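Report on the structure given below.
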Amino acid sequence: MARKIVAGNWKMNLNRDEAFALVSEITGMLKDEESRNLKVILFPSFVHLGAVVQLCLGDARIHVGAQNCNDHVAGAYTGEISASMIQSYGANHVLIGHSERRLYFKESGDLLSHKINMALQQSLTPVFCIGESLEERNSSIHFNRIEQQLSTEIFHLSGDDFKKCIIAYEPVWAIGTGLTASPEQAQEMHAFIRAIIRKKYSIEVAEETSILYGGSCNDQNAAQIFSLPDVDGGLIGGASLKSRSFVNIIKSLP
Ligand code: 13P
């Protein structure tokens with residue numbers, strides 16, 4: 001059975017005081033949910049990473065991750081952050097392949113494969129993001145696109161390594177647009193992703209892989225999306241920046 005997870009991707013938002021306030025509000029509100037075995041992951045920007053890890057130490061249900069990592073171990077790559085640096089601050093997850101990185105920073109599938117390897121080498125859990133553009137959906141090639149991303153970017157992993165990863169399905173047309181995939185669209189794609197994983201690896205790997213939905217998920221629609229059989233939680237952008245809405249989304253996990 002796949003682990004249910006809610007993750008918050010803060011993107012390039014929140015200064016120091018705002019970030020600290022948000023974390024303390026979230027940890028405070030989650031105290032009311034102490035009995036629940038939740039898994040929450042916060043993805044602050046790099047500069048807040050160490051501090052957010054410290055602020056979350058009191059609640060083992062809250063994990064912290066980076067929004068990106070470099071594909072090299074170390075070296076002359078000015079401005080870049082390595083997986084081992086992230087790990088050394090106590091963060092244990094990393095987003096790889098977010099559509100904003102693919103689009104604005106021209107990250108290729110080949111580069112993403114290397115980043116996944118680097119993250120795993122440093123014992124970070126990759127949250128690997130895949131998703132089709134609106135054009136691809138309108139041309140009815142969305143399933144091909146998702147299959148291609150999986151097969152060329154992450155299926156080089158052994159079953160044992162793949163089991164350490166989390167998949168996030170984020171249709172690009174739903175990110176930050178207020179458009180959410182309908183329950184039918186989300187379930188159909190998540191079931192497709194799980195079927196592809198089953199075909200490549202095994203039933204066991206497919207059933208244990210958490211597949212998160214991302215794209216305009218908020219506290220109004222989360223409960224419905226999270227109730228879908230192949231949706232194991234969400235990767236939340238805008239609605240993760242407000243403690244009340246983010247905690248309501250967490251509470252929507254079945
Ligand atoms: P929004 O929730 O703002 O649409 O962003 C989703 C996302 O990109 C999470 O990684």
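Points worth noting:
- From 239, 206, 181, residue being outside any helix (DSSP H, G or I), touching a helix residue (DSSP H, G or I) at 6+ places or on another chain (Cβ under 6 Å) and crowded, with 17+ Cβ neighbours inside 10 Å: 181
- Hey, residue 31 part of a loop (DSSP other than H, G, I, E, B) and either within 15 Å of the ligand (Cβ to nearest atom) or of a type in the set (D, E, K, R) (or both) or not: no
- Test result for residue 39, touching a residue at least 24 places away in the same chain (Cβ under 8 Å), within 16 Å of the ligand (Cβ to nearest atom) and of a type in the set (D, E, K, R): no
- The residue that is nearest to residue 132 (Cα to Cα), among those in region 150-170 that are assigned to a helix (DSSP H, G or I) and among the hydrophobic types (A, V, I, L, M, F, W, C), is 150.
- Where a residue in region 150-170 is closer than 10 Å to residue 200 by Cα and aromatic (Phe, Trp, Tyr) and its partner, wherever it lies, is part of a helix (DSSP H, G or I) and modelled with pLDDT of 95 or more, with Cβ under 9 Å and at least six apart: 155/162; 155/196; 155/197; 155/200
- Scanning region 169-185 for residues that are in contact with a His (Cβ under 8 Å, 6 or more places away or on another chain) and either within 15 Å of residue 196 (Cβ to Cβ) or among the aliphatic types (A, V, I, L, M) (or both) gives a single hit, 169.
- Condition check for residue 128: under 18 Å from the mean Cα position of the chain (by Cα) and more than 30 Å from residue 224 (Cβ to Cβ): no
- For region 95-145, residues that are more than 16 Å from the ligand (Cβ to nearest atom), in contact (Cβ under 8 Å) with a residue 12 or more places away in the chain and among the hydrophobic types (A, V, I, L, M, F, W, C) total 7.
- Taking residues in region 174-195 that are more than 16 Å from residue 220 (Cβ to Cβ) and more than 11 Å from the ligand (Cβ to nearest atom), and partners anywhere that are among the hydroxyl-bearing types (Ser, Thr, Tyr) and part of a loop (DSSP other than H, G, I, E, B), not one pair has Cβ atoms closer than 7 Å while being at least 6 places apart or on different chains.
- Among the candidates 107, 100, 80, 25, residue that is of a type in the set (D, E, K, R), over 23 Å from residue 244 (Cα atoms) and in a helix (DSSP H, G or I): 100
The values are calculated or read from the model by the stated rules, or taken from the named source; none is laboratory data. From a predicted model like this one, the values you see are computed outputs, not experimental measurements. For neighbour counting, all protein chains shown are included, and Cβ atoms are generated from backbone atoms with ideal geometry for every residue, glycine included.
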